[in-house]
Amino acid sequence: MVDIRTVGVIGAGQMGTGIAHVCALAGYDVRLNDLSRERIDAGVAVIEKNMSRQVARGIIDDAAMKAALGHIKPAESLADIGSTDLAIEAATEDETLKKAIFKSLEPHLTDRTLLASNTSSISITRLASNTDRPERFIGLHFMNPAPLMKLVEIIRGIATDVATYETAVNFAKSLGKTTANAEDFPAFIVNRILVPMINEAIYTLYEGVGTVEAIDTAMHLGANHPMGPLELGDFIGLDTVLSIMNVLHDGLADSKYRPCPLLVKYVEAGWLGRKVGRGFYDYRGEKPVPTR
């Protein structure tokens, strides 16, 4: 098994910063990459803000925060990621983009570097087959937000070897996470169950069975969910929800996974949820207001 000391994270968005956050707190040296230095710096600022919240809540102390931030270094090119022991891709949920990232990273990799994708739905086998090391490629699906959520799904591609799998499990556990092994089928376990529920909630809205507020209240209080499915869709990002539904529909060829037309319309309108200020709720005021 590879002795992981350095971790490269490709993508300084919501998931990438969360992964970098937990890796740095666990003592790993982290190199954070994105398309520009501005994006990387913005990602580091988010990590510092989130760690400050943990300090305020007594989850970590100030010394742990300072030490963790000291472990994070900007990687302005993929060449800076190539020498790490484990490179984790955390880009947008788009297969073409993810394959392009791994292909661009390939010339810079050491022989021992392990590759991982944080994809929430795309075939690990297909992503791995696009690289020069399918046996050293694995899915590490962190839940959002990564600093708070305890689960990491571990997904082996058909070519992933035992040593890579065991290294990935040990790595996730070293972050204080619990692991669940998922076979390489569309959307794995969590999103195979969760995202169709969100899609069904959108159908419930689309068909006029209930309002945004009624649907979320019903599932929040009636099923004891921490948040309603429409609020959760906004939190995840409606573009990501649509992408996962398309992966399920295309990969399993079952009409029950057909994305709701209303979901498609919201994405076409650019109403993607919290990250843009508007989705099934409008977040631009003092409190979220339903948009339908």
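Observations on the structure shown:
- Residues that are in contact with an Asp or Glu (Cβ under 6 Å, 6 or more places away or on another chain) and among the β-branched types (Val, Ile, Thr) were ranked within the range 262-292; the one that is surrounded by the most Cβ atoms within 10 Å (Cβ to Cβ) is Val267.
- Condition met for Phe188 (outside any helix (DSSP H, G or I) and in contact (Cβ under 8 Å) with a residue 12 or more places away in the chain): yes
- Wholly enclosed helices (runs of 4 or more DSSP H) of the range 1-108 bearing at least 3 residues assigned by TED's automatic domain parsing to the domain that holds Lys150 and closer than 21 Å to Leu127 by Cβ: 14-25, 95-105
- Considering residues of the range 161-170 that are in contact (Cβ under 8 Å) with a residue 40 or more places away in the chain and among the hydrophobic types (A, V, I, L, M, F, W, C) only, the residue surrounded by the most Cβ atoms within 10 Å (Cβ to Cβ): Ala168
- Among the numbered conditions (1) part of a loop (DSSP other than H, G, I, E, B); (2) under 25 Å from Leu248 (Cβ atoms); (3) out of contact with any Pro (no Cβ under 7 Å at 6 or more places or on another chain); (4) of a type in the set (A, V, I, L, M, F, W, C), the only one that Ala168 does not meet is (1).
- In the range 171-202, of all residues being closer than 15 Å to His249 by Cα and of a type outside the set (A, V, I, L, M, F, W, C), the one that is surrounded by the fewest Cβ atoms within 10 Å (Cβ to Cβ) corresponds to Glu200.
- Output for the range 205-214, where each listed residue is assigned to a helix (DSSP H, G or I) and under 18 Å from Pro259 (Cα atoms): Leu205, Tyr206, Val212
- Any hit, the range 71-79, residues being hydrophobic (A, V, I, L, M, F, W, C), crowded, with 19+ Cβ neighbours inside 10 Å and within 20 Å of Glu48 (Cβ to Cβ): yes
- Hey, Gly233 within 30 Å of Glu166 (Cβ to Cβ), assigned to a helix (DSSP H, G or I) and small (Gly, Ala, Ser) or not: no
Each row is one residue, and each column tells you yes or no for (1) more than 20 Å from Met15 (Cβ to Cβ); (2) among the small types (Gly, Ala, Ser); (3) in the same structural domain as Val30 (by TED's automatic domain parsing).
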residue	(1), (2), (3)
Arg133	yes, no, yes
Met143	no, no, yes
Leu148	no, no, yes
Ile154	no, no, yes
Asp161	yes, no, yes
Ala168	no, yes, yes
Leu175	no, no, yes
Gly210	yes, yes, no
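- Taking residues in the range 54-68 that are farther than 16 Å from Val22 by Cβ, and partners anywhere that are not polar (S, T, N, Q), the pairs with Cβ atoms closer than 9 Å and at least 6 places apart or on different chains are Asp61/Val55; Asp62/Val55.
The values are calculated or read from the model by the stated rules, or taken from the named source; none is laboratory data. If you're wondering where the values come from, they're calculated on a predicted model, not measured in any experiment. No Cβ is skipped: glycine too gets one built from the backbone with ideal geometry, and neighbour counts run over all protein chains shown.
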